[in-house]
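S.K.: Below: one structure in structure tokens.
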Amino acid sequence: MKRRLNAASAATKEPIDKSSYSKREPISSTSDVRIFAICLIFRAVNSLLVQTYFNPDEHWQALEVAHRIIFGYGHLTWEWEKGIRSYLHPLVFAFLYKILAFLHLDTPWFMMRAPRLLQSVFASVGDVYLYKLSHVIFGYSVAQWTLFSQFTNWFMFFCFTRTLSNSLETVLTLVGLYHWPFVKGSGHVSVASRRWGLFVAALACAIRPTSAITWFYVGLLELFETHGRLRFIFLELVPVGIVVLAFTCLLDRLMYGSWILVPLNFLKFNFLSSGGDYYGTHKWHWYFTQGFPVMLFTFLPFSLVGIFKSKQWKLFGLIVWVLGLYSLLGHKEFRFVLPVLPIALMFSGYSLAAMRIPISSDGKSKRSLHHTRCHKRMQLAVLFLLVTNLPMALYMSLVHQRGSEDVMNFLAKEALDENVKSILFLTPCHAMPYYSTLHSNLPMRFLDCTPSDEKGIPDESDLFMMDPVGFVSNMAKNWSLPSHIVLFDSQERLLEEFLTSHSFREMKRFFHAHFKVDRDLQSSIVVYALSQ
């Protein structure tokens with residue numbers, strides 16, 4: 001009896017049962033469906049609220065390629081000439097475009113919204129698997145608060161439903177991690193589950209070769225912990241890897257028209273020749289001191305507390321490993337480390353769940369008093385996270401840099417009414433969506449920024465930014481006048497006289513941003529039309 005009382009007392013002191021809770025109460029299929037429905041509705045609304053421009057790859061490396069595959073016109077950037085991109089990701093959206101075309105729904109609204117709505121379906125799958133992963137590791141309460149953290153974190157809201165390959169990579173990472181025995185801390189090795197984990201991991205690497213950074217860490221730990229190492233390597237890892245690699249190679253052979261080994265070309269360009277540095281570099285510590293803290297934002301202290309309280313050092317090690325390896329590359333972006341952000345938010349969920357559990361065991365009245373204090377502390381924490389993250393999420397999704405999307409949506413409608421003949425974009429290259437949004441086979445031209453084989457040679461975009469008037473004056477010697485010119489207001493002030501002298505008048509002005517990002521302030525985007 002005394003032993004039982006001591007055990008009960010110890011249980012009240014432990015904030016969260018990390019070992020057996022999920023085994024006693026597994027997630028039912030009904031609960032799975034309910035959670036998925038909640039996630040699907042949330043992400044669908046999330047995708048409709050995302051109306052701003054974030055990164056060129058969302059359009060130029062996915063939708064633009066898919067549009068060219070299905071409709072026969074679109075622009076392929078230099079990466080596709082060098083064979084450092086796989087067609088696997090664009091083909092997902094090519095299938096969507098095929099359905100829209102078949103149903104005659106390829107209108108401006110659907111062409112702009114449907115891809116993100118499709119990505120919202122994938123994102124909701126990622127949310128469900130994050131919930132399942134946190135449930136199996138920490139239990140029901142942590143799973144709930146992990147989902148809360150995932151939904152309310154500003155960067156996940158801003159980025160997860162975008163058509164970036166990083167978004168789909170994040171979904172696959174969450175699905176894959178759920179199937180790895182060492183992640184779940186399971187003593188029993190399910191070969192079938194681990195094979196699924198391997199397959200999903202290989203798929204993630206096929207879409208983004210840099211995903212191998214994540215899975216090398218996971219696979220190495222699994223190799224150290226499993227008993228049947230030879231079986232794991234030769235009967236699981238090698239066969240699955242060969243099958244997925246063969247499939248993607250055949251797919252790329254079909255699309256490129258020749259044999260292309262994308263992972264090897266990707267490795268050569270980004271790692272061996274530091275080709276990514278062409279687009280800018282950061283200090284080695286940027287992910288630790290700026291990038292990841294900005295992504296976590298006010299969830300950072302909760303995640304840190306959750307890490308130390310949960311003592312899940314292997315998962316924490318995964319975050320550090322990914323941030324550390326990406327830190328070795330000169331070119332850094334927030335989206336590169338998106339796959340480990342949900343893991344950090346899971347630790348935040350642990351921290352929030354721990355606030356609700358009374359840890360005093362001295363008596364009923366004291367437990368109630370402590371529970372009241374915990375409840376108030378929980379309410380303050382939730383309020384703090386909502387007040388800091390929701391305005392940020394909505395501002396970045398609805399306001400900041402929305403001009404790029406608005407101007408193309410406007411031109412798409414004008415082109416549908418046959419009011420546009422040709423367009424010249426006098427903007428930094430890839431600053432706008434392109435044919436995938438316009439969805440009209442009209443002549444369009446933008447300033448090229450293909451990396452030169454020799455370092456230090458400025459591209460068209462650089463030359464224009466250095467001397468807009470001189471650049472356009474030289475261009476005008478050999479051009480046929482476009483019907484529309486699109487440019488930012490910062491260059492408009494310099495080119496106003498030139499535009500007027502060539503019979504262009506302002507047609508429409510769109511708000512873009514309140515503050516600069518990596519260039520001068522681009523507060524608005526202006527459309528000029530040729531006077532009739």
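The values are calculated or read from the model by the stated rules, or taken from the named source; none is laboratory data. Remember, predicted model here, so these are calculated numbers, not experimental data. A quick note on method: Cβ atoms are made from the backbone with ideal geometry, for glycine too, and the neighbour counts reach across all protein chains shown. For accessibility, only protein heavy atoms count, side chains too; no ligands or nucleic acids. Shrake-Rupley method; radii C 1.70, N 1.55, O 1.52, S 1.80 Å.
S.K.: Please go through the range 118-151 and give me each residue that is touching a Ser or Thr at 6+ places or on another chain (Cβ under 6 Å) and farther than 17 Å from GLU169 by Cα, ordered by number.
M.R.: SER134, HIS135, VAL136, GLY139, VAL142, ALA143, THR146, SER149
S.K.: Looking at (1) in contact with a Gly (Cβ under 8 Å, 6 or more places away or on another chain); (2) of a type outside the set (A, V, I, L, M); (3) farther than 29 Å from PRO451 by Cβ, which one does GLU225 not meet, given that it meets all the others?
M.R.: Evaluating GLU225 over (1) in contact with a Gly (Cβ under 8 Å, 6 or more places away or on another chain); (2) of a type outside the set (A, V, I, L, M); (3) farther than 29 Å from PRO451 by Cβ leaves (1) as the failure.
S.K.: Now for a separate question. Every residue in the range 299-342 that is of a type in the set (Lys, Arg) and in a helix (DSSP H, G or I), please. First the steps, then the outcome.
M.R.: Of the range 299-342, the ones of a type in the set (Lys, Arg) are 309, 311, 314, 332, 335.
Correct list: LYS309, LYS314, ARG335.
S.K.: Give me the helices (runs of 4 or more DSSP H) completely within the range 209-291, filtered to those with at least 1 residues that are in contact with an Asp or Glu (Cβ under 7 Å, 6 or more places away or on another chain) and open to solvent by less than 60 Å² (accessible area, probe 1.4 Å), ordered by residue number. Give the derivation first.
M.R.: Working: elements: 212-225, 238-256, 262-267.
Of the helices (runs of 4 or more DSSP H) lying wholly inside the range 209-291, those with at least 1 residues that are in contact with an Asp or Glu (Cβ under 7 Å, 6 or more places away or on another chain) and open to solvent by less than 60 Å² (accessible area, probe 1.4 Å) span 262-267.
S.K.: If you take the residues of the range 304-319 that are open to solvent by 60 Å² or more (accessible area, probe 1.4 Å) and aliphatic (A, V, I, L, M), which of them is nearest to LEU168 (Cα to Cα)? Outline the logic, then answer.
M.R.: Filtering the range 304-319 for residues open to solvent by 60 Å² or more (accessible area, probe 1.4 Å) gives 304-305, 308-309, 311, 313-314, 316.
Okay, now just the ones that are also aliphatic (A, V, I, L, M), so 304-305.
Numbers: LEU304: 26, VAL305: 29 Å.
Per the stated criteria, the residue is LEU304.
S.K.: Considering only strands (runs of 3 or more DSSP E) fully contained in the range 413-532, which possess at least 1 residues that are without any contact (Cβ under 8 Å) to a residue 40 or more places away in the chain and open to solvent by 60 Å² or more (accessible area, probe 1.4 Å)? Working first, answer last.
M.R.: On the way: elements: 423-426, 444-446, 484-488, 504-511, 524-530.
Counting at least 1 such residues, we get 444-446, 504-511.
S.K.: Please list, ordered by first then second residue, the pairs with beta carbon atoms under 6 Å, 6 or more apart or interchain, first in the range 238-255 and touching a residue at least 40 places away in the same chain (Cβ under 8 Å), second assigned to a helix (DSSP H, G or I) and of a type in the set (S, T, N, Q).
M.R.: From residues that are touching a residue at least 40 places away in the same chain (Cβ under 8 Å), there are no pairs.
S.K.: Taking the condition more than 23 Å from ASN55 (Cα to Cα), modelled with pLDDT under 90 and out of contact with any strand residue (DSSP E or B) (no Cβ under 7 Å at 6 or more places or on another chain), does LEU386 pass?
M.R.: Working: more than 23 Å from ASN55 (Cα to Cα): yes; modelled with pLDDT under 90: no; out of contact with any strand residue (DSSP E or B) (no Cβ under 7 Å at 6 or more places or on another chain): yes.
Criteria not met by LEU386.
S.K.: Taking the condition over 30 Å from PRO391 (Cα atoms), touching a His at 6+ places or on another chain (Cβ under 8 Å) and buried (at least 20 other Cβ atoms within 10 Å of the Cβ), does GLY197 pass? Talk me through it step by step, then tell me what you get.
M.R.: Values: over 30 Å from PRO391 (Cα atoms): yes; touching a His at 6+ places or on another chain (Cβ under 8 Å): yes; buried (at least 20 other Cβ atoms within 10 Å of the Cβ): yes.
It is true that GLY197 is over 30 Å from PRO391 (Cα atoms), touching a His at 6+ places or on another chain (Cβ under 8 Å) and buried (at least 20 other Cβ atoms within 10 Å of the Cβ).
S.K.: Would you check which residues across the range 321-336 are open to solvent by 60 Å² or more (accessible area, probe 1.4 Å) and either over 27 Å from ASP518 (Cα atoms) or in contact with a Lys or Arg (Cβ under 8 Å, 6 or more places away or on another chain) (or both) and list them?
M.R.: Of everything in the range 321-336, just one residue is open to solvent by 60 Å² or more (accessible area, probe 1.4 Å) and either over 27 Å from ASP518 (Cα atoms) or in contact with a Lys or Arg (Cβ under 8 Å, 6 or more places away or on another chain) (or both), namely TRP321.
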